[in-house]
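The values are calculated or read from the model by the stated rules, or taken from the named source; none is laboratory data. Note that the structure is predicted; figures quoted are calculated from it, not measured. Here the Cβ positions follow ideal geometry from the backbone for every residue, glycine too, while neighbour counts run over all protein chains shown.
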Amino acid sequence: MTRVKVRTLPAPVSILMPVCNEAEVLEDVLEEWVTDVIQHLPAGSELIIAEAASIDGTREILGRLCQKYAFMRVIYRDTKEGFAAAARLLYSEATCPLVFFTDSDGQYVPSEFWKLAPFVGEFSIVHGAKIGRQDPFFRKVASAVFNRVARVMFDVHYSDINSAFRIMKTDMVKELLPELKCMPTLINAELLLRAEMDNRSIKQVHVIHRRGRKGASRGLPPKHFLKESLAAYRGLLLLKSEYKR
C-alpha cells in the first residue's frame with residue numbers, strides 16, 4: 001500500500017468533478033480520492049459531482065455512494081452540455097473557501113494533491129501541471145503546441161495550461177467566472193490565463209499523470225479535434241486583444 005503524506009490545509013475544500021458514463025471505473029476512482037485525500041481534509045470539506053445524462057449505470061453508483069458519504073453531493077443533469085458547462089456549474093456550486101477541480105477517469109493520482117497543499121496559503125492558485133503525460137500522440141503534440149503558443153503570447157511559464165488539477169481560492173474563481181467567454185472548450189486554460197493577467201499569485205507544481213483506468217484518455221474525439229483546436233487559438237487571440245484594450 002502506498003503511504004500518503006498528508007499536509008495541513010488552512011480551510012475546507014470543495015472538490016469538484018464532472019462525470020459522464022464512467023460506471024466501469026467511477027467507484028474505484030472515487031474510493032481512491034476518499035481514502036487518499038478527502039478523509040484527511042478539514043471538517044466541512046465537500047465533494048460535488050456534476051453528472052451528465054449517463055446511461056451506463058453511473059447514476060446508480062453515485063446514488064449508492066451518496067448514501068455512504070455525507071460529504072458527497074451530486075447534481076444530475078438530463079442533457080450533455082459539455083465539459084465547460086459542467087465546470088461552470090461546479091464552480092458556482094462550491095461553498096468552501098478553497099476549491100479543487102479534477103477529472104473522474106483516474107488519470108490524475110489523488111495523492112499528488114498533497115504536493116499542492118503546502119503552497120495554498122501563499123498563492124491564489126496552486127496549479128498542478130502534468131508530467132509523463134499518458135495521452136495519444138496527436139493529443140500530446142497538439143497540447144505541446146498550444147502551450148508553447150500561449151506561453152509566448154502571454155509571457156507565462158506554465159507547461160500545462162489547461163490541466164484539470166489545481167487548488168484555488170473560491171472567491172477568486174467566482175469573481176473571474178463571468179469573464180470566461182473566450183475559450184468555451186478550454187475553460188480551465190482561460191481561467192489560469194485571466195488570473196495571470198489580473199496579477200493573481202500562481203504557483204506551478206508538477207504532478208504525475210497515468211493512463212486512465214480504461215486505457216488512454218478519451219478526451220475530445222479526433223474528428224472534432226481540428227475544429228476545437230482552431231477555436232482554442234482564436235480564444236487566445238480574443239483574450240490577448242481584450243487585455244491589450
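Quick notes
- Evaluation of residue 118 against (1) within 25 Å of residue 7 (Cα to Cα); (2) within 16 Å of the chain's Cα centre (by Cα) (one fails), failing number: (2)
- Members of region 209-226 that are at pLDDT 70 or above and either surrounded by 16 or more Cβ atoms within 10 Å (Cβ to Cβ) or among the aromatic types (Phe, Trp, Tyr) (or both): 209
Each row is one residue, and each column tells you yes or no for (1) at pLDDT 90 or above; (2) within 22 Å of residue 124 (Cβ to Cβ); (3) surrounded by 21 or more Cβ atoms within 10 Å (Cβ to Cβ); (4) aliphatic (A, V, I, L, M).
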{"position": "185", "(1), (2), (3), (4)": "no, no, no, no"}
{"position": "205", "(1), (2), (3), (4)": "yes, yes, no, yes"}
{"position": "228", "(1), (2), (3), (4)": "no, no, no, no"}
{"position": "237", "(1), (2), (3), (4)": "yes, no, no, yes"}
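- Qualifying residue in region 156-178 (condition: over 29 Å from residue 46 (Cα atoms) and either crowded, with 19+ Cβ neighbours inside 10 Å or more than 16 Å from the chain's Cα centre (by Cα) (or both)): yes
- For the condition under 19 Å from residue 165 (Cα atoms), out of contact with any Asp or Glu (no Cβ under 6 Å at 6 or more places or on another chain) and surrounded by fewer than 16 Cβ atoms within 10 Å (Cβ to Cβ), residue 35 qualifies.
- Region 50-89, residues that are over 14 Å from residue 16 (Cα atoms), without any contact (Cβ under 8 Å) to a residue 40 or more places away in the chain and of a type in the set (D, E, K, R): 56, 59, 60, 64, 68, 77, 78, 81
- Flag for residue 86 being under 25 Å from residue 229 (Cα atoms) and of a type in the set (A, V, I, L, M, F, W, C): yes
- Across region 7-57, the number of residues qualifying as assigned to a loop (DSSP other than H, G, I, E, B), within 15 Å of residue 106 (Cβ to Cβ) and touching a Pro at 6+ places or on another chain (Cβ under 8 Å) comes to 1.
- Residue list for region 89-144, filter: surrounded by fewer than 20 Cβ atoms within 10 Å (Cβ to Cβ), among the polar types (S, T, N, Q) and closer than 17 Å to residue 41 by Cβ: 95, 111
- Residue count for region 58-84 satisfying the condition of being in contact with an Asp or Glu (Cβ under 7 Å, 6 or more places away or on another chain), aromatic (Phe, Trp, Tyr) and either more than 19 Å from residue 105 (Cα to Cα) or surrounded by 17 or more Cβ atoms within 10 Å (Cβ to Cβ) (or both): 1.
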